[in-house]
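**Q** Handing you this structure, nothing more for now.
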Amino acid sequence: MELLNTSLPYLLPIVYAVAMISVFMGLCAYSVLAERKVSGWIQGRVGPNRTRLPLLGHIPILGNLMTGLGLFQPAADGLKFLFKEEITPGHVRKSYYYLAPIVALAPALTTMVVVPFGRYVDADGVMQPLVLANVDLGMLIVLAISSLGVYGIVLAGWASNSKYPFLGGIRASAQMISFELSMGLALLPVFMWAAAPGSEYGMSLFGVVQSQQSAWLGLWQPLSALIFLVALFAETNRLPFDMAESETDLVGGFHTEYGAFKFGLFFVAEYAHIIIGSAVFVLLFAGGWNFLPWLADPWGDGLIGALLSVGWFMAKVFFMIFFFIWMRWTLPRFRYDQVMSLGWKILLPVAVGNLVLNTFIIAIYDTLTR
Amino acid sequence: MATTTKEISIGDLGARSSEATHHSATELQGETMALNVGPSHPTTHGVLRLKMELDGDVVKRCEPVLGYLHRGDEKIAENMTYNQFVPYTDRLDYLAPLANNVAYAMAVEKLAALEVPERCQAIRVLCSELARISSHLLGVGVYGMDAGAWTVFMYTFTEREKLYTLFEELTGARFTTSYTRIGGVARDIPDGWLGRVLEFCKGVLPVLDQVDKLLTRNRIFMDRTVGVGVISKEDAISYGLTGPNLRACGVDLDLRKDKPYLGYDKFDFEVPVGTNGDCYDRYLMRAEEVRQSVAIIRQCIDKFPEGSYYAEDAKKIFAPQKSKVLTSMEELIQNFMIVTEGPQVPAGEVYFEAENPKGALGFFIVSKGGGVPYRLKIRGPSFCNLSILDKLIPGHFLTDITVILGSLDFVMGECDR
């Protein structure tokens, strides 16, 4: 008992972390299902509807419904990746080749730590975020770590020692560099407003959400929101910006030489990045768990309130994921140089202009209200 | 119907090749990378292989390598009767087998100076136009897919599936139809089939509108295609392009209008002609041609002629009806002769080309009489259309190759024969 009490502070974070990763991986798996189902609906198809688990699938009405919705499909997909033969082509650089999928997935799982997904009211009546680590520099950590994800893609491209992945890797790195810039610049005005000097939250994501209780940032910083969203698509390598994959000309892009579970990791990483990206976008621009733009936080105290806030936040995130999927199955793909010129010639100047404009507005506002 | 001839210059072969080499000899920085695209690659729609030299992401040189799907169809044709070759024509442009069947049968009939009855002609017009719709739907859909818009492909493919059901009703096969015979078609149209064709026509137009909404004014799609892969009028003519690819360059040449066959002159339809000759124009051509084909089909069904679906008086060419074969001596002998010896076609040589979905599909037949061709040469439009690749592709981005190939809408089955 004594041992438990002393080790609890150390054990608890581990338990939380494991729980968080399980839930997160579950979300990734079901985003894949969502992608397949939604694309099916968009294209007038049915999508996966055959996989049936032994016991669950045979519950009278519910079993058929779940099968029809493809709810068991992620299990089948995951098992397929696990049990396929692990092929390592002879011409690859082995160590980097194995490292690449890990490097691709790890940043997404790491950024998850600082992303709050709800709030609760503690014993003193103070609102606290539901998050593994409420770091003051939350957003900076997200930006810093999530941009490491590109190393996975670039490594995969180089390590494959083959031309198509190589081209994919090069495109991915160039694209990341160009969009990282405008993404960061688009975020600056947000924090200039949300984390004004002297505010207690700094750059933590919880603070940004709390500052949106009156109005969502997306509504009065629409330009930032738009730039961030476009950059997000580019950063997550989703169509219309999937230069790294571009399957019609680069076959499979950076993961052409990957198969089985190593490909599975890339696959999960893509969706992990989408989920994190959606969550960050919701936190920054769509009010996080705040109910509606001018109707903040009606969730109340206690466990119910906390759960409601998590639910509402997740609903917004799911909508964002849906948006990602929707775009992918609607739009054609940009050409590589067009992506570059969009990043450098349009997004970057607009982001800088937006920043300057906001600086002036804040300066004038501060002068007038002082 | 009086035909007018048009001035077409094929240019000087030597000048053409020297120009093509000059084109690629622009200045380089650093090293180039040799990249082999195909024969098995998602962008090549089959087994086209491109040997390319890349400078960064820009293609410096491109050499198409053909022949991965070569079957020796032309030689095979010399060893079988005219009717036995019909299934081989299915495999030419396998996205529009019915149109190939028709073109081939018409070539042999031209040699035999045989005129098929009006009803047969109408059936063949329907076949050709439905095949055109089928081919262009796939052309537009795959083109969208090449540009990254998968959904377009699924929409058009759904319509093609309906077409295949119609083909199945008509011919008994969904894909390899083998429908025509020399002097007619294999069987009459089934009951109520025309109504179902009209129903299909009604359904295909809204899908085209959907594709229109998804692609035509889509900024990304336009960025990808406008001004990409521009073919000049002169080049198009000198490289022997035909079909929508030629018309996109602004050359108004459609064999259905210019050398009407199958009574195409009776139908009121327009031939879309492009202005820029770029990938975007080629997409517009196909989308519009589907609409025109629908118009032709409607007119055709509106006045669908009664009568026989084969040339009854061509006793030595079209095998008699089975019911007669079993009861009458003369017909039995006729049937025996046509099945064993083949349709009797006089000696001579003939060239006939029809406006197929991909361009002018031509058959050149040399006959020494009897039921077997002495020599049969096929002019595959895809083959001629692809000949421009080594001139067209250099200078474009690697990603553009996908769009350019998609816009040329070729089929390797016809290219390699």
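**Q** Can you list residue pairs whose Cβ atoms sit under 7 Å apart, with the first residue in the range A:244-266 being more than 13 Å from A:Ala104 (Cα to Cα) and within 14 Å of chain B (Cβ to nearest Cβ) and the second being among the aliphatic types (A, V, I, L, M) and outside any helix (DSSP H, G or I)? Count only pairs 6 or more apart in sequence or on different chains.
**A** Hits for this filter: A:Gly253/A:Ala244.
**Q** Filter the range A:329-349 down to residues that are crowded, with 18+ Cβ neighbours inside 10 Å and away from chain B (no Cβ under 13 Å) and give me whichever is farthest from A:Pro189 (Cα to Cα).
**A** Across the range A:329-349, the extreme among qualifying residues is A:Gly343.
**Q** Before we move on, is B:Glu353 within 30 Å of B:Glu289 (Cα to Cα) and in contact (Cβ under 8 Å) with a residue 60 or more places away in the chain? Walk me through how you get there before you give the answer.
**A** Details: within 30 Å of B:Glu289 (Cα to Cα): yes; in contact (Cβ under 8 Å) with a residue 60 or more places away in the chain: yes.
For B:Glu353, the condition - within 30 Å of B:Glu289 (Cα to Cα) and in contact (Cβ under 8 Å) with a residue 60 or more places away in the chain - is met.
**Q** Quick test of your reading of the structure: B:Glu306 fulfils all but one of (1) open to solvent by 20 Å² or more (accessible area, probe 1.4 Å); (2) under 21 Å from the mean Cα position of the chain (by Cα); (3) in contact (Cβ under 8 Å) with a residue 40 or more places away in the chain. Name the failing condition by number.
**A** Failing condition for B:Glu306: (2).
**Q** Within the range A:233-273, can you find the residues that are open to solvent by 10 Å² or more (accessible area, probe 1.4 Å) and aliphatic (A, V, I, L, M)?
**A** Scanning the range A:233-273 gives A:Val251, A:Leu265, A:Val268.
**Q** Restricting to the range B:33-50, name every residue that is part of a strand (DSSP E or B) and either facing chain A (nearest Cβ under 9 Å) or among the hydroxyl-bearing types (Ser, Thr, Tyr) (or both).
**A** Residues of the range B:33-50 part of a strand (DSSP E or B): B:33-37, B:49-50.
Answer for the range B:33-50, where residues must be part of a strand (DSSP E or B) and either facing chain A (nearest Cβ under 9 Å) or among the hydroxyl-bearing types (Ser, Thr, Tyr) (or both): B:Met33, B:Ala34, B:Leu35, B:Asn36, B:Val37.
**Q** Can you find, within the range A:350-370, the residue that is nearest to B:Leu398 (Cα to Cα) among those that are hydrophobic (A, V, I, L, M, F, W, C) and open to solvent by 90 Å² or more (accessible area, probe 1.4 Å)? Lay out the reasoning, then the answer.
**A** Looking only at the range A:350-370, we keep the residues that are hydrophobic (A, V, I, L, M, F, W, C), and these are A:350-352, A:355-357, A:360-364, A:368.
Remaining after also requiring open to solvent by 90 Å² or more (accessible area, probe 1.4 Å): A:357, A:360, A:364, A:368.
Working: A:Leu357: 39, A:Phe360: 44, A:Ile364: 50, A:Leu368: 56 Å.
Among those residues, the one meeting the criterion is A:Leu357.
**Q** Given the residues B:Leu214, B:Leu166, B:Leu194, B:Leu205, which is the only one that is more than 12 Å from chain A (Cβ to nearest Cβ), more than 30 Å from B:Tyr82 (Cβ to Cβ) and surrounded by fewer than 22 Cβ atoms within 10 Å (Cβ to Cβ)?
**A** None of the others qualify; the one that does is B:Leu205.
**Q** Can you tell me which residues in the range A:159-197 are of a type in the set (S, T, N, Q) and part of a loop (DSSP other than H, G, I, E, B)?
**A** Step one: filter the range A:159-197 for residues of a type in the set (S, T, N, Q), giving A:160-162, A:173, A:175, A:178, A:182.
Result: A:Ser160, A:Asn161, A:Ser162.
**Q** Within the range A:231-244, how many residues turn out to be assigned to a loop (DSSP other than H, G, I, E, B) and either under 18 Å from A:Trp326 (Cβ atoms) or aromatic (Phe, Trp, Tyr) (or both)?
**A** If we filter the range A:231-244 for residues that are assigned to a loop (DSSP other than H, G, I, E, B), which is where we start, we get A:236-244.
Adding the requirement that they be either under 18 Å from A:Trp326 (Cβ atoms) or aromatic (Phe, Trp, Tyr) (or both) leaves A:236-242.
Residues flagged as assigned to a loop (DSSP other than H, G, I, E, B) and either under 18 Å from A:Trp326 (Cβ atoms) or aromatic (Phe, Trp, Tyr) (or both) within the range A:231-244 amount to 7.
**Q** Considering only the range B:230-289, state which residues are open to solvent by 20 Å² or more (accessible area, probe 1.4 Å), among the acidic types (Asp, Glu) and part of a helix (DSSP H, G or I).
**A** The answer is B:Glu234, B:Asp235, B:Asp258, B:Asp265, B:Glu288.
**Q** Another question, then. Which residues, taken from the range A:54-78, are open to solvent by less than 90 Å² (accessible area, probe 1.4 Å) and out of contact with any helix residue (DSSP H, G or I) (no Cβ under 9 Å at 6 or more places or on another chain)?
**A** A:Gly68, A:Ala76
**Q** Could we say that A:Ile227 is modelled with pLDDT of 80 or more, out of contact with any helix residue (DSSP H, G or I) (no Cβ under 8 Å at 6 or more places or on another chain) and outside any loop (DSSP other than H, G, I, E, B) here? Reasoning before the result, please.
**A** Values: modelled with pLDDT of 80 or more: yes; out of contact with any helix residue (DSSP H, G or I) (no Cβ under 8 Å at 6 or more places or on another chain): no; outside any loop (DSSP other than H, G, I, E, B): yes.
It is false that A:Ile227 is modelled with pLDDT of 80 or more, out of contact with any helix residue (DSSP H, G or I) (no Cβ under 8 Å at 6 or more places or on another chain) and outside any loop (DSSP other than H, G, I, E, B).
**Q** Does A:Gly44 count as within 14 Å of chain B (Cβ to nearest Cβ) and farther than 30 Å from A:Leu155 by Cβ?
**A** On the way: within 14 Å of chain B (Cβ to nearest Cβ): yes; farther than 30 Å from A:Leu155 by Cβ: yes.
For A:Gly44, the condition - within 14 Å of chain B (Cβ to nearest Cβ) and farther than 30 Å from A:Leu155 by Cβ - is met.
**Q** Here's something else I'd like to know. Can you give me the number of residues within the range A:304-328 that are open to solvent by 80 Å² or more (accessible area, probe 1.4 Å), more than 24 Å from the chain's Cα centre (by Cα) and touching a residue at least 40 places away in the same chain (Cβ under 8 Å)?
**A** Of the residues in that region, 0 qualify.
**Q** Follow-up. Could you name every one of the helices (runs of 4 or more DSSP H) located completely within the range B:327-417 that has at least 1 residues being of a type in the set (Asp, Glu) and away from chain A (no Cβ under 14 Å)?
**A** Numbers: elements: B:329-341, B:381-386, B:389-392, B:398-408, B:412-416.
In the range B:327-417, the matching helices (runs of 4 or more DSSP H) lie at B:329-341, B:389-392, B:412-416.
**Q** Within the range A:245-270, count every residue that is modelled with pLDDT under 80 and either among the polar types (S, T, N, Q) or assigned to a loop (DSSP other than H, G, I, E, B) (or both).
**A** Number of matching residues: 5.
**Q** Could you check, for the range A:275-291, whether at least one of its residues is more than 22 Å from A:Trp193 (Cα to Cα) and not in a loop (DSSP other than H, G, I, E, B)?
**A** If we filter the range A:275-291 for residues that are more than 22 Å from A:Trp193 (Cα to Cα), which is where we start, we get A:275-276.
Subset that is not in a loop (DSSP other than H, G, I, E, B): A:275-276.
Within the range A:275-291 (the criterion being more than 22 Å from A:Trp193 (Cα to Cα) and not in a loop (DSSP other than H, G, I, E, B)), the answer is yes, since at least one residue qualifies.
**Q** Going by the structure shown, is A:Met139 modelled with pLDDT under 85, over 30 Å from A:Thr248 (Cα atoms) and under 18 Å from the mean Cα position of the chain (by Cα)? Give the steps one after another, and end with the answer.
**A** Values: modelled with pLDDT under 85: yes; over 30 Å from A:Thr248 (Cα atoms): yes; under 18 Å from the mean Cα position of the chain (by Cα): yes.
Against the criterion (modelled with pLDDT under 85, over 30 Å from A:Thr248 (Cα atoms) and under 18 Å from the mean Cα position of the chain (by Cα)), A:Met139 qualifies.
**Q** Being more than 18 Å from the chain's Cα centre (by Cα), within 11 Å of another protein chain (Cβ to nearest Cβ) and open to solvent by less than 30 Å² (accessible area, probe 1.4 Å) narrows it down to one residue among B:Val185, B:Val152; which is it?
**A** Working: B:Val185 fails: within 11 Å of another protein chain (Cβ to nearest Cβ).
Within the list B:Val185, B:Val152, the selection yields B:Val152.
The values are calculated or read from the model by the stated rules, or taken from the named source; none is laboratory data. Everything numeric here is computed off the predicted structure, so don't read it as measured data. Counting neighbours? That spans all protein chains shown, and the Cβs are built from the backbone with ideal geometry, glycine included. Please note that ligands, DNA and RNA were not included when accessible areas were found on the heavy atoms of the full protein model with its side chains. Shrake-Rupley method; radii C 1.70, N 1.55, O 1.52, S 1.80 Å.
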